[in-house]
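Read the structure below first, then the notes.
The values are calculated or read from the model by the stated rules, or taken from the named source; none is laboratory data. Since this is a predicted model, take the numbers as computed values, not measurements. Neighbour counts are summed over all protein chains in view; Cβ atoms, including those assigned to glycine, are modelled from backbone coordinates with ideal geometry. Ligands, DNA and RNA are excluded from the accessible area calculation, which covers all protein heavy atoms including side chains. Shrake-Rupley method; radii C 1.70, N 1.55, O 1.52, S 1.80 Å.
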Amino acid sequence: MLEEAEKQQDSLTVQRDTIRQLSESRLREWTVTVPASVATAQIDSNRAKVFILVFGVCCFALSAPLFVAEWHAQTGSPQIQMARSLRVPVLAERILEHFSPHARISKSADGLSADQTEILRMLTLRIQQSCHRPGSVILFSSLDPKFSASPLMATVAECLAEREERVLLIDAVCPQRSVMSVLNVLSPGPVALPAPQKSRLGRKTLPVPVPVAENQSEAAAGLSEYLSEECEDITELVRPTGCPGVDLIASGRRGFSREAMASSCLTQLLNTCRKNYTMVLVHGPALDCAADLQMLTARADGIVLAATKESGKDPRAREFVQDLLDLGAPLIGLVA
């Protein structure tokens, strides 16, 4: 015990001596003070700072549109966002703006740019590729009750006819609820008279135009008359259009019954049309008649939905598309 105490005392003594030596060798702090004057003052110019600030603002102004465009391309319009969230193919973008309510089948492709024409051709090709048998029934409808898919369907029919397809258009929208019927889209314009011909005497003679009944469109029977069994002959329903290779069955003069889309007459009509045409395009009701639209989807081999910006914000449109996916409906895609 005594030896350990002596060792601790010796170590403490060494530490004390070391601390004393360090304190004796430490130098005192000192400062040098220079009085401020014109000679000792440093004057900095703001030109460099202003230049850097202006350069940064210019770079931001030039690059901002690129970032905004990239952000817009990534996010897209509401209907594109809905399609991506539901994993539904988008068949065509920025094409519905062209189809005005006054579009006609003979003029519906006019005014399209080269890119839009190519988009329309690809849309038609996607529809053809989705048809796995002759006489396929393709249903066209709109997720927006204020927008009609009839001009889009008529334009696709025209493109299909140019590809040597035999196409039949069926307007399955009740006349009282139709925004724009297929008959209005396909209504013929002014009759173009042929060029004057010379007779044997050398005089020019004008051809005599054939008179057309003013109420011919109203007088012809349509789908409503067939479903109500007022007209049982399908050949009386079919009428030619201004586009070669495209025929039409109009909606008719009277309204549909409540469960007309579930009738066996409609199934018989579609089965008969499958045998006589390579493609049957049906103009179905919009989202405001969801029950009738669901009944038509059960009879279709493919479904094409027109989606506007307003429909992309409507939760009912999202729920309807989700229901089609859950039921395994043959949804080809959306057209925006």
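Quick notes
- Rolling a 1.4 Å probe across all protein chains gives ASP10 an accessible area of roughly 100 Å².
- Counting heavy atoms of the protein chains alone, GLU165 has an accessible area of about 40 Å² for a 1.4 Å probe.
- Toward the positive end of the charge dipole of segment 256-336, with +1 on the Cβ of Lys and Arg and -1 on the Cβ of Asp and Glu, the farthest Cα among VAL282, SER263, LEU293 is that of VAL282.
- Fully extending the segment from ILE52 to ALA5 would add 9.7 nm, taking 0.36 nm per residue of separation and subtracting the current Cα-Cα distance.
- Close amide H pairs (under 5 Å, H built 1.01 Å from N) link GLY252 with LEU223, SER224, residues at least 5 positions away or on another chain.
- Here the 3J(HN,Hα) profile of segment 132-142, calculated from phi with Karplus coefficients 6.51, -1.76 and 1.60 at θ = phi - 60°, is 9, 8, x, x, 5, 9, 10, 9, 10, 8, 10 Hz, Gly and Pro shown as x.
- About the centre of its Cα atoms, segment 214-309 shows a dipole size close to 400 debye [charges on the beta carbon of Lys, Arg (+1) and Asp, Glu (-1) only; nearest 20 debye].
- For VAL90, the residues 5 or more places off, or on other chains, whose built amide H falls under 5 Å of its own are LEU334.
- Alpha-carbon geometry of segment 238-336: the Rg and the Dmax are 14.9, 40 Å, given in that order.
- Loop-resident sites, segment 251-336, for GluC sites (Glu not before Pro), counting at most 11 other Cβ within 10 Å (DSSP): GLU259
- Shown here for segment 232-336: trypsin sites (Lys or Arg not before Pro) in loop regions (DSSP other than H, G, I, E, B) with at most 12 other Cβ atoms within 10 Å, namely ARG258.
- Note, ³J(HN,Hα) from phi for segment 300-317, Karplus 6.51, -1.76, 1.60, rounded to Hz, x at Gly and Pro: 8, 8, x, 10, 10, 10, 8, 10, 8, 5, 5, 5, x, 9, 8, x, 5, 5
- Solvent-accessible area of ILE119 with every protein chain in place, 1.4 Å probe, in Å² to the nearest 10: 50 Å²
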